[in-house]
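Asker: This is the structure I want to talk about, given as structure tokens.
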Amino acid sequence: MVRRRIAEENDIPLEIKECTYEGPCRGTCPRCEWELRQLEAALADRLRLGKVATVAGLALGLSLS
């Protein structure tokens, strides 16, 4: 959910599929880690292009809800 919101707020097309990890996934399974790396790379690209990247406020807001 957090990755999806960060991607949406930064206009990053990120395909996020439902995690199929067997057992409790805390967002650290191989699939979730791959999505995180993709999102990090897209955010880094935005910053290199001089665009603003919104992350901190979203993560804080989601953790409080």
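Asker: Only one of 58, 47 is of a type in the set (A, V, I, L, M) and modelled with pLDDT under 75. Can you tell me which?
Answerer: 58
Asker: Can I ask one more? So which residues in region 31-52 are hydrophobic (A, V, I, L, M, F, W, C) and within 14 Å of the chain's Cα centre (by Cα)? Before the answer, list the steps.
Answerer: Keep residues of region 31-52 that are hydrophobic (A, V, I, L, M, F, W, C), which gives 32, 34, 36, 39, 41-44, 47, 49, 52.
Correct list: 32, 34, 36, 39, 41, 42, 43, 44.
Asker: Of the residues that sit in region 29-48 and are surrounded by fewer than 12 Cβ atoms within 10 Å (Cβ to Cβ) and aliphatic (A, V, I, L, M), which one is farthest from residue 19 (Cα to Cα)?
Answerer: Checked region 29-48; the qualifying residue farthest from residue 19 (Cα to Cα) is 47.
The values are calculated or read from the model by the stated rules, or taken from the named source; none is laboratory data. Here the structure is a predicted model, which is why all the values come from computation and not from measurement. For neighbour counting, all protein chains shown are included, and Cβ atoms are generated from backbone atoms with ideal geometry for every residue, glycine included.
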